[in-house]
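Since the structure comes first, as structure tokens, the remarks are kept for the end.
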Amino acid sequence: MEYEISMPAEPDEKVAHMAAVVMKRNKFRLLELRNKNELMKHAKELFRLLEDEYKQLYGTVPLTPRQVDAYISQYFGFVTPDFVPMVYNEKNEMVAFGVALPSLSRALQKKPRAAFPYWVYLSVECPQEE
């Protein structure tokens with residue numbers, strides 16, 4: 001499923017100012033990732049934060065370490081580090097993240113098999129722990 005969100009090239013001044021105030025007041029910092037290797041170093045921490053925040057929601061089931069590893073190997077290989085902002089607090093703990101991807105639907109409509117390797121078509125489910 002895909003949702004399109006239109007974003008201006010530059011953020012609104014008021015929103016940017018509010019974000020800066022929140023970052024400074026809470027002593028947050030935005031992690032600057034230079035490459036995919038740095039992104040991969042933080043991938044498990046991202047899933048830990050996701051688990052911690054979603055565990056109280058009804059119907060959520062914790063991911064197993066094997067599932068986390070499968071998701072990381074399936075998806076983090078083609079994610080651009082610039083599209084995964086991570087926010088850390090003064091204790092160097094991840095407190096927020098985002099994941100954004102450019103639309104792939106038009107590329108898939110033109111050449112469905114050329115846009116991705118074959119493994120994407122085989123399965124996107126993670127193996128369950130036995």
### Task
Among the numbered conditions (1) in a strand (DSSP E or B); (2) open to solvent by 50 Å² or more (accessible area, probe 1.4 Å), tell me where VAL87 comes up short.
(2)
### Summary
Scanning the stretch 12-47 residue by residue, those open to solvent by 100 Å² or more (accessible area, probe 1.4 Å), free of Cβ contacts under 8 Å to residues at least 40 places away in the same chain and farther than 12 Å from PRO85 by Cβ turn out to be GLU13, LYS14, HIS17, MET18, LYS24, ARG25, ASN37, LYS41, LYS44
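Suppose we keep only residues that are polar (S, T, N, Q) and in contact (Cβ under 8 Å) with a residue 40 or more places away in the chain within the stretch 67-79. Which one would you say is least open to solvent (accessible area, probe 1.4 Å)? Give the steps one after another, and end with the answer.
Within the stretch 67-79, the subset polar (S, T, N, Q) is 67, 73-74.
Still in the list and also in contact (Cβ under 8 Å) with a residue 40 or more places away in the chain: 67, 74.
Numbers: GLN67: 17, GLN74: 32 Å².
Only one residue fits best here, namely GLN67.
Let me confirm something: among LEU30, LEU63, LEU108, LEU101, which residue is at pLDDT 90 or above, closer than 27 Å to GLU4 by Cβ and either within 18 Å of the chain's Cα centre (by Cα) or not small (Gly, Ala, Ser) (or both)? Full working, then the answer.
Working: LEU63 fails: closer than 27 Å to GLU4 by Cβ; LEU108 fails: at pLDDT 90 or above; LEU101 fails: at pLDDT 90 or above.
Every option except LEU30 fails the conditions.
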### Query
On the given criteria, is ALA100 open to solvent by 30 Å² or more (accessible area, probe 1.4 Å) and small (Gly, Ala, Ser)?
yes
### Message
Can you tell me how many residues within the stretch 48-66 are open to solvent by 60 Å² or more (accessible area, probe 1.4 Å) and touching an Asp or Glu at 6+ places or on another chain (Cβ under 7 Å)?
### Response
2
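The values are calculated or read from the model by the stated rules, or taken from the named source; none is laboratory data. Worth saying up front: this structure is predicted, and the values here are computed from it rather than measured. We place every Cβ from the backbone using ideal geometry, glycine too, and count neighbours over all the protein chains shown. Just the protein is used for accessible areas: all its heavy atoms, side chains included, with ligands, DNA and RNA removed. Shrake-Rupley method; radii C 1.70, N 1.55, O 1.52, S 1.80 Å.
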